[in-house]
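K.L.:
What follows is a structure written as structure tokens; I'll ask about it next.
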Amino acid sequence: MIKKFAKLPDGRTAHLYILKNGDLEAHITNFGATLHRLYVPDANGNIADIVLGFDTPEEYINSTTFFGAAIGRNSNRVKAGQFRLNGKTYQMGKNDGLNNLHSGPDFFKDRLWNVEQVSERSITLSLDSPDGDQGFPGNARICVTYTLEDGGVLCISYDAVCDQDTVFNMTNHSYFNLAGHNKPEKAMDMFLSMPARFFTVADAESIPTGECRPVDCTPMDFRIPKPIGRDINADYDPLILQNGYDHNFEVHANPCAILSDATSGRCMTIATDCPGIQFYSGNFLEGETGKDGVKYCFRGGVCLETQYYPNALNHPDWKKPITKAGQPYHSETRFIFSINHNTTDEEDD
């Protein structure tokens, strides 16, 4: 199903594409290749939208939350907005203090993508990114595909090719709240587990120092499931510097993360081919009015962004998101939804 989303400031029209498969329903807009809504049932069959978002394109444009957006060419941060490739220094915009964040300021989230194909279960959106776009070399063709697979799976895949060696490190920036996007006060009650053995320590500007620190005996240890809010205010420098969780964890096994809500019974399992996953606890949410008039409070949703390590372009020992000229880039992440019927008793709203 296709619905008009809204007219953009330049007069063009953005649309919503509604995908359905079994109990899952995903609303994708070609504005920003954004996951706008994701409806998932709970243990009692009640359906809720579990991703944060806005009602209009203007709100998406004016916000730096990146709700549901496709991020590229490079996700996360690059120190000083600079990197070297083939002996040449490339300068990106400095849109996060002295650093670059999510390849801005000309974000992919604020562009109208082309719809290449759409079916009941899948949509592929494309974007042409010219040489020099965002500071990156080469003329690139980029595609993002959302597919609802059997077994309660949302697969997001990324494909690209460029006529020069360039950077590709795509991710999706959805904020999840398995209790429902309209219950932001419940987000920190969700349980999270990650098998990661270490995380990358960051400085006060959220740029990794290069240290890969073991999670053992720290508040960063999610190898045994625990409520996200349990240790978030611990007297621990990495949490203090980032005002909560906003850290990259290694991916050495799949699933790389499992998120669950004890009340609804909703469970989301993540599997990826990426080397890292950025766990962000919504520390910069500040009461934005989101979809359906909901106020998204501080820490009202969480991101689990699969990607290369932040600032990997400037760390010689880390795997770099470089794709050779003419070589296909492909990455995919699966979000598998299931139900835990051992839920806590709470009256449905």
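K.L.:
Can you find, within the range 293-327, the residue that is nearest to R37 (Cα to Cα) among those that are among the charged types (D, E, K, R) and in a loop (DSSP other than H, G, I, E, B)?
P.N.:
Looking at residues that are among the charged types (D, E, K, R) and in a loop (DSSP other than H, G, I, E, B), I get R299.
K.L.:
Name the pairs: first residue in the range 253-265 and under 16 Å from M188 (Cβ atoms), second residue surrounded by fewer than 19 Cβ atoms within 10 Å (Cβ to Cβ) and of a type in the set (D, E), Cβ to Cβ under 7 Å, at least 6 apart or on different chains?
P.N.:
Hits for this filter: T263/E346.
K.L.:
If I go through the range 236-269 residue by residue, how many of them are over 18 Å from the mean Cα position of the chain (by Cα) and surrounded by fewer than 22 Cβ atoms within 10 Å (Cβ to Cβ)?
P.N.:
Residues meeting the conditions: 12.
K.L.:
Determine whether G32 is of a type in the set (G, A, S), touching a residue at least 12 places away in the same chain (Cβ under 8 Å) and over 21 Å from K183 (Cα atoms).
P.N.:
yes
K.L.:
For the structure I just gave you, tell me whether A69 is modelled with pLDDT of 95 or more and either within 23 Å of L285 (Cα to Cα) or touching a helix residue (DSSP H, G or I) at 6+ places or on another chain (Cβ under 6 Å) (or both).
P.N.:
Judged against the criteria, A69 is a match.
K.L.:
Using beta carbons and a limit of 9 Å, which pairs, at least six apart or on different chains, have the first residue in the range 269-292 and assigned to a helix (DSSP H, G or I) and the second one of a type in the set (D, E, K, R)?
P.N.:
From the range 269-292, the pairs are K291/R37; K291/D49; K291/D55; D292/D49; D292/D55.
K.L.:
Out of all the residues in the range 280-333, which are charged (D, E, K, R) and within 18 Å of H173 (Cβ to Cβ)?
P.N.:
E286, E288, K291, R299, E305, E332
K.L.:
What pairs come out if I take residues in the range 97-117 that are of a type in the set (D, E) and pair them with residues that are part of a loop (DSSP other than H, G, I, E, B) whose C-beta lies under 8 Å away, six or more apart or interchain?
P.N.:
These pairs meet every condition: D106/G93; D110/G32.
K.L.:
Taking the range 238-268 as the region of interest, how many residues are over 19 Å from V40 (Cβ atoms), β-branched (V, I, T) and outside any loop (DSSP other than H, G, I, E, B)?
P.N.:
Looking only at that region, the number is 1.
K.L.:
While we're on this one: Give just the number: which of (1) touching a Gly at 6+ places or on another chain (Cβ under 6 Å); (2) crowded, with 23+ Cβ neighbours inside 10 Å; (3) of a type outside the set (S, T, Y) does L285 not satisfy?
P.N.:
Looking at each condition in turn, L285 falls short on (2).
K.L.:
Is there any pair with a first residue in the range 38-53 that is closer than 15 Å to G265 by Cβ and a second that is basic (K, R) whose Cβ atoms are under 6 Å apart and which are 6 or more apart or on different chains, and what are they?
P.N.:
V40/R266; D42/R266
K.L.:
Ok, one more. Just need a number here: residues in the range 125-166 that are of a type in the set (S, T, N, Q), farther than 13 Å from E332 by Cα, in a strand (DSSP E or B) and under 21 Å from the mean Cα position of the chain (by Cα).
P.N.:
Going through the range 125-166 one residue at a time, the tally reaches 2.
K.L.:
Next question, about the same structure. Name the single residue that is surrounded by the fewest Cβ atoms within 10 Å (Cβ to Cβ) among those in the range 176-223 being within 24 Å of W318 (Cα to Cα) and of a type in the set (A, V, I, L, M).
P.N.:
For the range 176-223, the residue satisfying everything is A204.
K.L.:
What strands (runs of 3 or more DSSP E), lying completely within the range 19-122, carry at least 3 residues that are crowded, with 16+ Cβ neighbours inside 10 Å?
P.N.:
24-29, 34-41, 82-85
K.L.:
I need a count of the residues in the range 167-221 that are on the phi > 0 side of the Ramachandran plot and in contact with a helix residue (DSSP H, G or I) (Cβ under 7 Å, 6 or more places away or on another chain).
P.N.:
So the count comes out to 1.
The values are calculated or read from the model by the stated rules, or taken from the named source; none is laboratory data. Treat the numbers as computed from the prediction; the structure is a model and nothing was measured. In this analysis, Cβ positions are derived from the backbone assuming ideal geometry, glycine residues included, and neighbour counts consider all displayed protein chains.
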